[in-house]
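Reading through the structure tokens given below for one structure.
The values are calculated or read from the model by the stated rules, or taken from the named source; none is laboratory data. This one's a predicted model, so the numbers in the text were calculated from it and none came from an experiment. Here the Cβ positions follow ideal geometry from the backbone for every residue, glycine too, while neighbour counts run over all protein chains shown. Areas reflect the complete protein model, heavy atoms only, side chains present, ligands, DNA and RNA absent. Shrake-Rupley method; radii C 1.70, N 1.55, O 1.52, S 1.80 Å.
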Amino acid sequence: MKVLVTGGAGYIGSHTVLELLRLEHEVTVIDDLSNSSIESIRRVEKLSARKVKFYQGNILDKNLLRTVFGRNTFTTVIHFAGYKAVGESIKEPLSYYHNNITGTISLVEEMLKYRVHNLIFSSSATVYGSASVPPYNENSELGQPTSPYGQTKLIIEQVLQDVVSSNSDFKVSSLRYFNPIGADESGEIGEDPKGIPNNLMPFISQVASGKLDKLSIFGSDYKTEDGTCERDYVHVTDLANGHVNALNWIEKQKLSVFEVFNLGTGKPSSVLQMVNSFQQHTKQRIPFEIVDKRPGDLAAFWADVNKAERDLNWSAKKSLRNMMEDTWNWQKNNPNGY
Ligand code: WQD
């Protein structure tokens, strides 16, 4: 199939592009490289021995979209492009609403103009907010996301649902990721956050590499097994394959449809369990100290993954051990990222 991947140079985007190329799909990428590197595209091409058609730019740029859609024919768009830092979104809500929501509207307008009717959207478990009780399933009540970043995902899902209601050809699969971690087993591509990592695993791996001194664990008196927060960590390669399965699913849909799917393992792990698992599987020490809770953190959430198993024929295959070993393999081979 001919697939356009927005944000395809990013962490999840590059892993998805790699899986698509390995399956010999034709892939075109748009990425403004504001939070990614062209090096990830070069490495994905090397790993797959196939070429990517790359356009640098932002999906808000209508001239760029006209060029991309005018010069290519696509069966499906996989839409990753968007700002994704929770803390930053609280400081800069307008840039998140404009970039993520207006950017998606700009993309979908062009898709409709060129009659490209299949869209796979990169959503997030954060749309469930604090209203739902885990394990979250797709019919769980959607709550108040704890950040403008989460709000943009919730609003975009609503926008896409309304476009489907207004257009009998348009089909959307919205994939709600839980906590993506790890790296391709080659160690050639991985998560490369700019500055101090906000997320747990890149922080742990930079402590292991000596780039950071120690991990601060945000709170240890939550109502969980060991008092630290629990999350559903899923290997990024499993997540990438979830997009491949969603591509096959959407191609089979005859009627317009808006369908959401959780992509997780269905198993929660606590922060302390993640630290111990990383140390056990990589033999690297992770010094840490317990500090105050981080505002907005929920104690525990994980996925009910029955729907993705049933309808996408997808389930996570990789273990925590794979996630830790692959994280460390990427970090130690690329101490400064790309
Ligand atoms: C996990 C746990 C922290 C860092 C967010 C977004 C989600 C997605 C993934 C983008 C929490 C604890 C973390 C640290 C810590 N983002 N932690 N010390 O908050 O579950 O999810 O990132 O797609 O949409 O909401 O992930 O990795 O930030 O935190 O103790 O230095 O690790 O308190 O319990 P989170 P996270």
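Quick notes on this one:
- Label-point gap, in nm, between L94 and E24 - each point 7 angstrom along Cα→Cβ: 5.1
- Note, ³J(HN,Hα) from phi for region 234-243, Karplus 6.51, -1.76, 1.60, rounded to Hz, x at Gly and Pro: 10, 5, 4, 6, 4, 4, 4, 5, x, 6
- Computed magnitude of the charge dipole of region 117-265 (debye, nearest 20; Cβ of K, R +1, Cβ of D, E -1): 280
- Equivalent ellipsoid semi-axes, the chain, via Cα gyration tensor eigenvalues times 5, rooted, Å: 31, 23, 19
- Length gained when the stretch R42-E251 is fully extended (0.36 nm per residue, less Cα-Cα span): 72.4 nm
- Per residue, the solvent-accessible area of region 150-198 (1.4 Å probe, heavy atoms of protein chains only, all protein chains present) comes to 37 Å².
- DSSP bridge orientation in the chain - percent antiparallel, rounded to nearest 5: 5
- When the Cα atoms of region 1-156 are aligned to their principal axes, the ranges along those axes come out at 45, 31, 29 Å in descending order.
- Residues listed by number, region 202-227, amide nitrogen under 13 Å from Q279 label point at 7 Å toward C-beta: 208, 215
- Pairs spanning more than 21 Å between alpha-carbon atoms, out of K113/K153; K171/K307; K91/K223: K113/K153; K91/K223.
- Surrounding net charge for A300, when Lys and Arg each add one and Asp and Glu each subtract one, Cβ distance under 15 Å: -2
- The calculated FRET efficiency for the pair N336 and S168, based on their C-beta separation and a Förster distance of 41 Å, comes to about 0.25.
- Highest-first arrangement of 271-279, 70-78, where packing means the average Cβ count within 10 Å: 271-279, 70-78
- Dipole of the chain [Lys/Arg +1, Asp/Glu -1 at C-beta], most positive-end residue of I30, I120, V86: I30
- Counted charge near V3, where neighbours are those whose Cβ lies closer than 12 Å (Asp, Glu -1; Lys, Arg +1): -2
- Virtual paramagnetic centre 7 Å along Cα→Cβ of T73, amide N under 20 Å, in region 20-36: 24-29
- Inter-site label distance for R66 and V133 at 7 Å from Cα along Cβ, in nm: 5.4
- Counting only heavy atoms of the protein chains and using a 1.4 Å probe, Y114 has close to 80 Å² of accessible surface.
- Label-point separation, D213 to S319 (7 Å along Cα→Cβ), nm: 3.6
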